[in-house]
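Take a look at the structure below.
The values are calculated or read from the model by the stated rules, or taken from the named source; none is laboratory data. Computed from a prediction, not measured in an experiment: that's the story for all the values here. Here the Cβ positions follow ideal geometry from the backbone for every residue, glycine too, while neighbour counts run over all protein chains shown. For accessibility, only protein heavy atoms count, side chains too; no ligands or nucleic acids. Shrake-Rupley method; radii C 1.70, N 1.55, O 1.52, S 1.80 Å.
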Amino acid sequence: MKFKDMQYKRLDLEQVKEEFYKILAEFKEAKSPEEQFEVHKKKYKLFDDITTMIVLVEIRHSIDTTDPFYEKEQAFCDEIAPLIEQLEHEYEDALYTSEFRDYLEEKIGKVAFKNIEIGKKAFSEALIPMMQEENALVTEYNKLIASAKIDWEGDVLNLSLLRKYLTHTDREVRRKAYEKYSAFFEANSKELDDIYDKLVKNRTKQAQTMGYETYTELGYYRMNRNCYDQAMVGEFRRQVKEYLVPLAEKIHENRRVRLGVEKLSFIDRDVNFPNGNPEPTGTPDEIMKLGSKMYAELSEETKEFFDFMTENELFDVLGRKSKQAGGYMTFLPNYEAPFIFANFNGTADDINVITHECGHAFQGYVAAKDPIKEHSTQVTMETAETHSMSMEFFTRPWMHLFFGERTEEYLEMQLEDAITFIPYGCMVDEFQHIVYGNPELSPMERHAAWRKLEKEYMPHLSYEESPYFEQGTFWQKQLHIYNYPFYYIDYCIAQTCAFQYKIMMDEDYKKAWESYVTLCNRSASDFFVNLIKEAGLLNPFEDGCMKQLVEKLEKQVIK
């Protein structure tokens, strides 16, 4: 079914509860494990119905944040989401304590039951009012960022549409664009700090209500970290600082020389070549048609997937002034349909969308065929981002379709950017550990902490031309810090796995692709550390992984 024809109907919470408790009673009264599993399938159907309606609202609200109907419906969904989560936890309690647990665990998998155990540590009915407030604050931040109206030579741009000028060939154009970019954040600095301060205090209160000293422990449970902990993440960041930051700094120095500047400024942070970054040569429609050709040639599985997405109009990628910033993939369970949201802006980011987000969407599409819903719905973020970031590399043989004579430059830029991203991502993660470990910090102290980390992870970076960002405020543009605490490290862990696929496919593309498809199909049927071992990848948390990876990558990027 085409996306525009998918009907939205506001959830009737009382009706949902009535149906839920009927299913719960049937589950508890079941006389055999087989009968109980059949009731479990009814639970699948109910929550698929609920999720589909909530996701439709999220998509349509982000497509046009000024639409009054979906703005109201988004507020309604923000309010009821914790109540739905409460029902989910009530059902999970019954599942976890079932007399037929051994049978159910064999059917559903150990991961699902481990996640229930974690879920018990992450939720309490007492948190619902605080979670509703948290949802409202997140929506407030997203709306504020989407509200940016940048005057640009007679036109009015949002932050996504300004991106093209932030990476412009002419350094003076970039300087002007960043002045306007910085001015937006400075003009809204108090509100941005206030929203975040309220979020930190709200989340800390939730954690303390659950008996935790800080939000960090609760945040890890919320992220469903079921096979690694804070110490392992800290060890990963240590390896990054020791081995990857020096390589990243060599890349930045090479970039400085290429650009012909005396010192890299933040206005140069996303520019790789003196003649500007490679840009796709086609219109958005042409890019999507070339994407179809690419996925048709990559494999039968990807052809089927992309044809389904195209035929059902499951993309909204054109940049518009009233759209939410950023990009994402989400899933509509009743239609077994991924949906990709983005803001095309004429830069290489447009191609990154149809590789990165299609990596998520491809995995969601193939996983939807698994009758055990827990496998597809409980994929943890580091696994999900491995799917997407690896797809960016698997599509490299087709980049000539989009970049023509600048293909080699694009491929060089892609690899360099992927390497230099990891220090930034680890910095975002360490910043959040500092903030939630010290929730009493003032906004200015948070800014100082960010600036200190920038000097550790990105020592080349200079904000001499922006007094506002020099204060340590650049993190305010990172929506994950507001919306999804402790998420960002998953990108770094996943990028480490994606690099290994890159190295593997350079040696044997077919073998690498088969491993990747198996990983996508396995979804959440096992824990991340086991899945990557089965796929033939090194564990990013183990000492030596980063050192070995850097040795191989350095040969490819430092000539």
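What to note about this one:
- Among the listed pairs Lys250/Lys452; Lys17/Lys201; Lys4/Lys477; Lys17/Lys42; Lys43/Lys107, those beyond 23 Å (Cα-Cα): Lys17/Lys201; Lys4/Lys477
- A probe of 1.4 angstrom, applied to the heavy atoms of all protein chains, finds Cys497 with accessible area near 0 square angstrom.
- Percent of Cα pairs exceeding the 29 Å cut-off, where the set is segment 413-559: 29 percent
- Global form of segment 152-274, assessed from the alpha-carbon gyration tensor, a/c cut-off 1.5: oblate
- Two-decimal log10 I(q)/I(0) for segment 86-155, as the Debye equation yields it once each C-alpha is a single scatterer, q = 0.11, 0.20 Å⁻¹: -0.49, -0.87
- Relative contact order computed over the chain (Cα-Cα under 8 Å; 6+ residues apart), in percent: 18 percent
- Around the amide H of Phe344, modelled in the peptide plane, lie the amide H atoms of Leu318, Gly319, all under 5 Å away and 5 or more residues distant in sequence or on another chain.
- Taking a ≥ b ≥ c as the square roots of the eigenvalues of the alpha carbon gyration tensor, segment 1-131 is prolate, as a/c is not under 1.5 and a/b beats b/c.
- Residue-wise HN-Hα coupling along segment 112-129, computed from phi with Karplus coefficients 6.51, -1.76, 1.60 (Hz; x: Gly, Pro): 4, 6, 5, 5, 5, 4, 5, x, 5, 8, 10, 9, 8, 4, 5, 7, 3, x
- Size descriptors for segment 245-374: radius of gyration and Dmax over Cα atoms are 18.2, 59 Å.
- Take each peptide in 119-128, 523-532, count the other Cβ atoms within 10 Å of every residue, and average; sorted highest first, the result is 523-532, 119-128.
- Once you reduce segment 342-358 and segment 252-290 to the center of their Cα atoms, the two points are 15 Å from each other.
- To put it simply, the accessible area of the chain at a 1.4 Å probe is 51 percent carbon and sulfur.
- One Cα centroid belongs to segment 136-150, the other to segment 436-500; the line between them spans 19 Å.
- For segment 393-496, the Stokes-Einstein estimate of translational diffusion at 4 °C and a viscosity of 1.567 mPa s comes to 83 µm²/s, using the Kirkwood hydrodynamic radius over alpha-carbon pairs.
- Accessible area (Å², 1.4 Å probe, nearest 10) - Glu26: 60 Å²
- With helices as the sole contributors, the chain gives -21000 deg cm²/dmol at 222 nm; each DSSP H run of n ≥ 4 counts as -39500 (n - 2.57), and the sum is divided by every residue.
- For segment 10-67: accessible area per residue (Å², 1.4 Å): 49 Å²
- With every protein chain in place and a 1.4 angstrom probe, the accessible-area ranking of Leu318, Leu298, Leu199, largest first, reads Leu318, Leu298, Leu199.
- Kirkwood radius for segment 51-105, taken over all pairs of different Cα atoms as the inverse mean of 1/r, rounds to 13.2 Å.
- When you restrict to C-alpha pairs under 8 Å that are six or more residues apart and normalise by the size of segment 25-111, the relative contact order lands at 30 percent.
- About its Cα centre, the chain has a charge dipole of approximately 800 debye under the convention of +1 per Lys or Arg Cβ and -1 per Asp or Glu Cβ, with nothing else charged.
- Rounded, prolate or oblate (a/c below 1.5 giving rounded, otherwise prolate when a/b exceeds b/c) for segment 271-344 by Cα gyration tensor: oblate
- Each residue, Tyr103 and Glu465, gets one label point 7 Å from its Cα in the Cβ direction; the gap between the two is 6.9 nm.
- Of the options (i) 23.3, 76; (ii) 24.5, 80; (iii) 25.4, 86, only one is Rg and Dmax of the Cα atoms in Å as computed from these coordinates, and that is (i).
- Solvent accessible area, Å² - His375, 1.4 Å probe, full protein context: 30 Å²
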